[in-house]
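Here is the structure we will look at.
The values are calculated or read from the model by the stated rules, or taken from the named source; none is laboratory data. All figures in this text were calculated on a predicted structure; none of them were measured in a lab. No Cβ is skipped: glycine too gets one built from the backbone with ideal geometry, and neighbour counts run over all protein chains shown. Quick note on the areas: whole protein, heavy atoms, side chains included, nothing else; ligands and nucleic acids left out. Shrake-Rupley method; radii C 1.70, N 1.55, O 1.52, S 1.80 Å.
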Amino acid sequence: MHGDVADDSSWALDPEDDAQPSVEMVGRQLKLWRTAAGLRAADFANLMGYSEGLIYKIEQGVRIPRPEYLAKADRILNAGGKIAGMRDDVEKARYPKRVRDLKRWEDEAVELGSYENHNLSGLLQTGEHMRALYEMRRPAWSTDEVDRLVAARMARWSIFERTPAPALTFVQEEVTIRRPLGGRMVHRQQLERLLEVGRLRNVEIQVMPTDREDHAGMGGQIEVMKFADGGAVGHSPNQFGTRPVSDPKVIRILELRYGIIRSQALTPRESLAFIEKVLGET
């Protein structure tokens, strides 16, 4: 029998995720194809190279099959591409719902402003930095969950490739630039990434020096996204709760604070010079 390595070809699914019906539908289809081929779950597991338990979990919609699982099942069951073609049905559930919602807003935003006082903005992080950050969590997250979260955050990089390009501004506390999370090489790559992104014409990165005597961002993280229809979504967990907000009164407050924060930080040109200096010292 194969061990838990089988889970390397699937993702866990949050039972409250609104993508669950799609995952359950794919599981039912897989079971129909398997039984039509006259295979018991144990026989199919041996052919697939995964545990029997995983076969049942995927067929029951408890776990999300990865594309490589669907492709292999398609070959073994001679499905002619019908099983492999279901990857789009489970792609939605690959990432946590909160990340899917965030990416949807980012895909539609014409402006995005982000202030971070503890971590680098997820949009600015390298894959290695993300992984180091997630692997530091305590209690420790499983490798499966870390892989899933890293993939979800990397998928958001598509915002830098959009046409027309949205206006993106970031303000980072100095400590988030200096802290060598993941070690020296990961830190250097991260600083190089900041310089690369910061030189894009539609992106401005600013650094908030630690020695500032006046600081409008002491209330913590702020993010505001504006859309072409005039709408906006804001997020400031320490000030207005963990859920994104669209109340115009709250948006005005966040915009006010973010504008003052930008005025108190180093200019974009000064900030790139600062990052280059830190890179030279690393």
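Here segment 41-95 and segment 98-154 have alpha carbon centers that stand 27 Å from each other. Dividing the summed helix terms, -39500 (n - 2.57) for each DSSP H run of n ≥ 4, by the number of residues in the chain produces a 222 nm estimate of -14500 deg cm²/dmol to the nearest 500. The residues of segment 76-169 expose, per residue, 49 Å² of accessible area to a 1.4 Å probe. Under the criterion of Cα pairs below 8 Å and six or more residues apart, the relative contact order for segment 124-196 equals 49 percent. Percent of alpha carbon pairs in segment 204-254 separated by more than 18 Å? Tail of the P(r) past 18 Å holds 41 percent of the pairs. Would you pull out the residues with amide H under 5 Å of Ile64's amide H, same chain only if 5 or more places away, H placed 1.01 Å from N? When sequence neighbours closer than 5 places are left aside, the close amide H contacts are Trp11, Ala12, Leu13. Give, as ranges by residue number, the residues of segment 111-129 whose backbone N falls under 18 Å from the point 7 Å along Cα→Cβ of Arg104. No residues fall inside that zone. Each residue of segment 134-139 was assigned a 3J(HN,Hα) from its phi angle through the Karplus curve 6.51 cos²θ - 1.76 cosθ + 1.60 (θ = phi - 60°); the sequence is 5, 6, 8, 5, 10, x Hz, with glycine and proline shown as x. The relative contact order of the chain, computed from alpha carbon pairs under 8 Å that lie at least 6 residues apart in sequence, is 17 percent.
Only the Cβ atoms of Lys and Arg (+1) and of Asp and Glu (-1) were treated as charged; on that basis the dipole of segment 16-101 about its Cα centre amounts to roughly 140 debye. 3J(HN,Hα) couplings calculated from phi for segment 46-60 with the Karplus curve 6.51 cos²θ - 1.76 cosθ + 1.60 (θ = phi - 60°) are, in sequence order, 5, 5, 7, x, 10, 6, 4, x, 5, 4, 5, 5, 5, 5, 8 Hz; Gly and Pro show x.
For the Cα trace of segment 87-147, dividing Rg by the Kirkwood Rh returns an Rg/Rh value of 1.00. Overall, the accessible surface of segment 164-246 at a probe of 1.4 angstrom is composed of carbon and sulfur to the extent of 49 percent.
Give a quick list of trypsin sites (Lys or Arg not before Pro) in segment 71-156 that DSSP marks as loop, anything other than H, G, I, E or B, with at most 13 other Cβ atoms within 10 Å.
Lys82, Arg137
With a threshold of 25 Å on the Cα-Cα distance, the over-threshold entries among Lys103/Lys277; Lys31/Lys72; Lys103/Lys226; Lys57/Lys97 are Lys103/Lys277. Between the amide H of Glu204 and those of Leu168, Thr169, Phe170, distances stay under 5 Å, these residues lying 5 or more places away or on another chain, with hydrogens modeled in the peptide plane. Over all other residues within a Cβ to Cβ distance under 13 Å of Ile159, the charged ones net out to -1, with Lys and Arg as +1 and Asp and Glu as -1.
Taking the longest Cα principal axis of the chain as reference, the axis of helix 184-198 is set at about 70 degrees.
Rg over Rh for segment 130-223 works out to 0.99, using Cα positions for both radii and the Kirkwood form for Rh.
Can you give the relative contact order of segment 206-282 as a percent, counting alpha carbon pairs under 8 Å and 6+ residues apart?
37 percent
Among Leu256, Leu194, Leu112, whose mean-square fluctuation peaks in a Gaussian network model of the chain (Cα, cutoff 10 Å)? Among Leu256, Leu194, Leu112, the largest GNM mean-square fluctuation belongs to Leu256. With a simple spin-label model that places each label point 7 Å from the Cα along the Cα-to-Cβ direction, the separation between Ser142 and Asn46 comes to 2.6 nm. Between the helical axis of 20-36 and the longest alpha-carbon principal axis of the chain there is an angle of about 20 degrees.
Taking every eigenvalue of the Cα gyration tensor of the chain, multiplying by 5 and rooting it, what semi-axes result, largest first, whole Å?
Ellipsoid half-lengths, sorted descending, are 43, 21, 16 Å.
Which percent of Cα pairs goes in each bin when the distances of segment 143-282 are cut into 10 angstrom slices starting at zero? Each 10 Å bin holds this share of Cα pairs: 10, 33, 40, 16, 1. The GluC sites (Glu not before Pro) of segment 147-252 that DSSP puts in a loop, and whose beta carbon has at most 15 other beta carbons within 10 Å, are Glu213.
How long is the gain from Glu213 to Thr163 if the chain were fully straight, where each residue apart is worth 0.36 nm and the alpha carbon distance is subtracted?
The Glu213-Thr163 span can extend by a further 14.0 nm.
Gaussian network model of the chain, Cα springs within a sub-10 Å range: biggest mean-square fluctuation belongs to which of Leu54, Leu70, Leu32? For the chain, modelled as a Gaussian network with Cα springs under 10 Å, the answer is Leu32.
The slack between Phe227 and Ser246, meaning 0.36 nm per residue of separation minus the straight C-alpha distance, is 5.7 nm.
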